[in-house]
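Student: One structure, as structure tokens, below. Some questions next.
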Amino acid sequence: MDDRHETKSTPDLSRMSAFSDIPTKLLPSQLIDELPRKARAKGSSVFLRTLRLAAISEGALFTAVEDFDGNSGFLELHNFLSCNSGVPLEDLLPSGSFLILKEPFLIWDVGPSADEFVTFRVDCPSDVVVVGRDSPWSGMFERVRWTIPPVGDLPLLQSFRGRTAEEWKTRGNKLFSGKSYHLAREAYAVALQSVEADRTNHLAREAYVVALQSVEADRTNQLARVALQSVEADRTNQLAREAHVVALQSTFLHLGHFEKTVQHAMMVLKEDPVNKKALFRAGRAHYELRQYRLSADYFERFVAIDPSNLEAGKELKRCNARLAEQANGVNVYKLYLSEKLKPEVPIETADYIGPIAVKTIAGKGRGMVALRDIQPGTQILVCKAIYTASGGPATGYHDSDGLPHVRSAAVELIQELTHMMWKNPGVIGSAVYDLTTNDPDMDRRKRYCNGEPGEPRELGEPRELGEPREFGEPGEFEEPIADSQRLREIVRVNGFGIDRGSFALFVSASYFNHSCVPNASWDIYNNVMVIHAVKHIPAGSEITIAYSSMVGKTYTERLADSQRRGFVCDCVLCQLDKGEPPSVHQLREALTAEERRLMVPYRTDGVFHAALPPASVMKKHAQLLRKLEKSYETSGRIKLQVELFLPYLSQAACFNADASVEKFREFIAKAFAVMGVTVARIMECAESGDVNLFQEDALVTNKLLYALSMAVNGLEADPRGERERLRTAAELVMRVTEGSNKEMARAYLEC
């Protein structure tokens with residue numbers, strides 16, 4: 001209901017490039033000179049090593065590479081940078097990195113000396129496999145005698161050979177403290193490998209010892225002694241292994257790999273259920289995945305072990321606050337204060353799902369339905385954005401033709417979603433890919449290279465981002481696909497434009513279908529969307545919202561919006577418009593366009609500037625208004641004459657300035673009437689406390705509240721004593737449509 005929040009899904013983005021959906025292990029590796037020229041290497045992969053620190057240009061990473069045979073070239077990684085990763089470039093792709101490119105695009109060029117050189121181009125982040133020391137492919141890279149020795153921190157780390165697991169861990173700690181998280185991860189992974197190797201060697205050695213001792217005298221006692229030594233050594237080795245896995249968790253947590261953090265924590269806790277570091281990091285990872293019940297469970301276990309730990313107690317308190325919000329809803333006043341005090345800072349809150357569920361709606365696909373009778377003013381959904389992109393310049397998406405896409409918040413949103421799903425495919429990927437693109441074939445695309453085609457769910461509750469699921473299932477989410485084209489369409493269909501040019505994706509809110517005359521309204525506080533019922537909604541009825549403001553839009557404009565987003569609206573307003581002849585629409589649209597041009601200097605979203613139009617302008621405006629009224633009279637239409645709403649408010653504002661009390665009231669009443677609302681009804685409800693302010697066919701909009709505020713703040717003279725009654729009515733309207741309290745209403749009415 002806020003003036004600022006106008007649109008759902010407006011960006012028009014170009015096509016995204018192709019991606020590989022084949023598991024890496026099924027793509028045979030080839031050398032550079034074996035790959036096709038100026039084409040995509042379909043069915044092949046190439047193993048490369050970077051030769052220098054990457055540089056950034058036009059949002060892409062550029063570096064030099066060589067293959068196993070010493071053939072060198074260049075590499076362009078587009079869409080690889082995350083706008084909010086916080087990872088320094090020297091840590092993201094350092095010199096000496098081992099890479100596998102899946103089906104890359106090759107560009108062959110001729111240099112100044114007539115020598116040919118190749119440039120690899122990769123546009124999809126999931127087509128780049130960064131090979132760490134704990135990767136199954138690391139051994140292949142380590143056996144290669146590289147032609148060109150690279151320089152930098154990673155090669156030094158790779159040459160740090162012959163050390164113990166503890167020395168590797170110490171090295172990792174030093175890198176971690178310097179925020180070199182990727183390099184620290186490498187060191188911890190090698191430490192873990194060393195422990196595993198030591199364990200294997202130990203077991204083999206003990207087997208030989210046992211075999212030798214079996215032929216000696218006093219064999220029984222000797223075997224018992226050896227077995228005891230083996231158990232003690234295994235326990236020591238196990239503790240060392242746990243320490244290195246715990247260290248590895250910390251790097252995954254800082255890099256945003258929350259699912260991997262949980263998986264590694266579970267490995268440790270299986271052997272050591274009271275490991276506090278593993279409990280803490282598992283709790284933090286589940287919290288970031290919005291799985292607050294699971295997070296609280298881990299912190300409760302931690303606090304039971306160490307009740308004096310203040311940090312764990314604080315985390316548990318946060319979890320309990322989120323769980324209360326999940327169960328009972330969110331205090332809108334707290335959201336209001338958070339936005340007022342810190343307008344750019346994401347608000348920490350949980351999603352809340354009221355008495356609603358996703359059902360199949362005839363002719364519409366999926367939609368939101370009431371599970372019981374819902375009264376006006378009921379909070380039915382609180383949804384935190386999976387990501388909110390700012391309105392500033394965003395790194396452009398590029399396709400394989402080298403064409404940059406629209407630089408906008410929508411592009412940034414697509415790019416960040418790509419990285420978030422790539423890192424956490426089980427939770428974030430499942431939630432986002434469950435949303436439709438309005439293209440059945442695209443909806444059925446594979447989500448993982450080793451997976452099967454699928455499609456969005458048909459029924460059930462709205463998908464929460466933090467919906468609980470099992471972790472640690474081997475290979476279940478092997479090689480997630482960062483399907484940028486599909487993400488683009490998901491954002492186009494489901495994204496919401498918000499204030500200051502920002503753009504966001506709200507997963508649960510995306511299941512609501514549009515109606516120009518909705519029975520629920522939404523408002524956004526920074527990164528949190530809150531939806532309230534504004535009319536009585538019977539059990540089993542569909543709940544709808546308006547994707548954008550209907551005020552001031554002609555039928556043709558609303559029709560174009562719905563066609564661009566891939567749906568057909570059959571609300572009462574659209575049915576009325578369809579019932580009128582085209583000639584009436586043409587005349588009305590021409591008059592509306594002329595009225596807009598006349599009032600452009602004086603109107604901003606229906607709100608006047610300090611300087612009101614002069615009398616000559618308002619005289620012409622009154623003539624246009626009469627012609628608009630006649631266009632409805634000619635067609636015999638008496639309901640929802642919505643294109644008269646803003647012109648009526650303009651007339652009311654001018655009569656208010658002239659202190660023409662009766663005329664002011666007349667045009668305010670007319671403005672309400674054309675939206676299917678009466679001022680008298682609202683004032684009666686305010687006196688009785690009845691929340692049923694709006695009839696089924698009323699078009700509820702934030703501009704109604706603006707009209708009420710005009711009435712409250714206008715009229716220096718108040719002969720009927722209506723000002724306080726109108727103020728009470730405005731407070732009730734805000735409570736029903738936004739969940740506002742008296743302080744919020746007072747602040748709005750006074751501004």
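The values are calculated or read from the model by the stated rules, or taken from the named source; none is laboratory data. Since the model is a prediction, treat every value here as computed from it, not as a measurement. Every residue, glycine as well, gets a Cβ built from its backbone with ideal geometry; the counts of neighbours run over all protein chains shown.
Student: Can you go through PHE655, PHE694 and tell me which one is aromatic (Phe, Trp, Tyr) and under 20 Å from LEU612 (Cα atoms)?
Tutor: Numbers: PHE694 fails: under 20 Å from LEU612 (Cα atoms).
PHE655 is the lone residue from the list that is aromatic (Phe, Trp, Tyr) and under 20 Å from LEU612 (Cα atoms).
Student: Here's something else I'd like to know. Mind listing whichever residues of the range 236-270 are among the acidic types (Asp, Glu) and at pLDDT 85 or above? Break it down stepwise before answering.
Tutor: In the first step, residues of the range 236-270 are kept if they are among the acidic types (Asp, Glu); the result is 242, 259.
Answer for the range 236-270, where residues must be among the acidic types (Asp, Glu) and at pLDDT 85 or above: just GLU259.
Student: Can you tell me which residue is farthest from LEU646 (Cα to Cα) among those in the range 555-571 that are at pLDDT 85 or above and crowded, with 18+ Cβ neighbours inside 10 Å?
Tutor: That would be CYS569.
Student: Return the total of residues in the range 646-663 being under 18 Å from GLU594 (Cβ atoms) and either among the polar types (S, T, N, Q) or not assigned by TED's automatic domain parsing to the domain that holds GLY579 (or both).
Tutor: 2
Student: Ok, one more. Find the residue count for the range 340-358, including only residues that are in a loop (DSSP other than H, G, I, E, B) and either farther than 21 Å from PHE503 by Cα or not small (Gly, Ala, Ser) (or both).
Tutor: Quick first cut of the range 340-358, residues in a loop (DSSP other than H, G, I, E, B) only: 342-351, 354-355.
Among the residues that remain, those that are also either farther than 21 Å from PHE503 by Cα or not small (Gly, Ala, Ser) (or both) are: 342-349, 351, 354-355.
The qualifying residues number 11.
Student: Which condition does TYR352 not pass, out of (1) within 18 Å of ILE537 (Cα to Cα); (2) in contact with a Gly (Cβ under 7 Å, 6 or more places away or on another chain), if it passes all the others?
Tutor: (1)
Student: Here is a further query. Which residues, taken from the range 528-540, are of a type outside the set (A, V, I, L, M, F, W, C) and crowded, with 22+ Cβ neighbours inside 10 Å?
Tutor: HIS532, LYS535
Student: Which one is surrounded by the most Cβ atoms within 10 Å (Cβ to Cβ), of the residues in the range 292-327 that are in contact (Cβ under 8 Å) with a residue 12 or more places away in the chain and basic (Lys, Arg)?
Tutor: It comes out as ARG322.
Student: Is it the case that the range 582-604 has a residue that's surrounded by fewer than 15 Cβ atoms within 10 Å (Cβ to Cβ), outside any helix (DSSP H, G or I), out of contact with any Leu (no Cβ under 6 Å at 6 or more places or on another chain) and β-branched (Val, Ile, Thr)?
Tutor: Yes; the residues of the range 582-604 include at least one that is surrounded by fewer than 15 Cβ atoms within 10 Å (Cβ to Cβ), outside any helix (DSSP H, G or I), out of contact with any Leu (no Cβ under 6 Å at 6 or more places or on another chain) and β-branched (Val, Ile, Thr).
Student: Would you point out which residue out of ALA653, ALA747, ALA730, ALA707 is part of a helix (DSSP H, G or I) and without any contact (Cβ under 8 Å) to a residue 12 or more places away in the chain?
Tutor: ALA747
Student: Which numbered condition trips up GLU662, out of (1) surrounded by 21 or more Cβ atoms within 10 Å (Cβ to Cβ); (2) modelled with pLDDT under 90?
Tutor: (1)
Student: Do we have any residue at all in the range 519-529 that's more than 27 Å from ARG637 (Cα to Cα) and of a type in the set (Phe, Trp, Tyr)?
Tutor: Within the range 519-529, one or more residues are more than 27 Å from ARG637 (Cα to Cα) and of a type in the set (Phe, Trp, Tyr).
One line per residue, one yes/no per condition, for (1) closer than 30 Å to HIS536 by Cβ; (2) outside any helix (DSSP H, G or I); (3) at pLDDT 85 or above; (4) assigned by TED's automatic domain parsing to the domain that holds LEU693:
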{"position": "LEU435", "(1), (2), (3), (4)": "yes, yes, yes, no"}
{"position": "GLU452", "(1), (2), (3), (4)": "no, yes, no, no"}
{"position": "PHE471", "(1), (2), (3), (4)": "no, yes, no, no"}
{"position": "VAL493", "(1), (2), (3), (4)": "yes, no, yes, no"}
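Student: Restricting to the range 120-151, count the residues that are at pLDDT below 80 and aliphatic (A, V, I, L, M).
Tutor: The qualifying residues number 2.
Student: Mind telling me which of the residues GLU643, GLU738, GLU687, GLU731 ends up being of a type in the set (Asp, Glu), surrounded by fewer than 18 Cβ atoms within 10 Å (Cβ to Cβ) and assigned by TED's automatic domain parsing to the domain that holds VAL617?
Tutor: GLU687
Student: I'm trying to understand the selection: among the residues of the range 89-119, which are assigned to a helix (DSSP H, G or I) and either buried (at least 16 other Cβ atoms within 10 Å of the Cβ) or at pLDDT 80 or above (or both)?
Tutor: At the first step, the residues of the range 89-119 found to be assigned to a helix (DSSP H, G or I) are 89-92.
Listed by number, the residues that qualify are GLU90, ASP91, LEU92.
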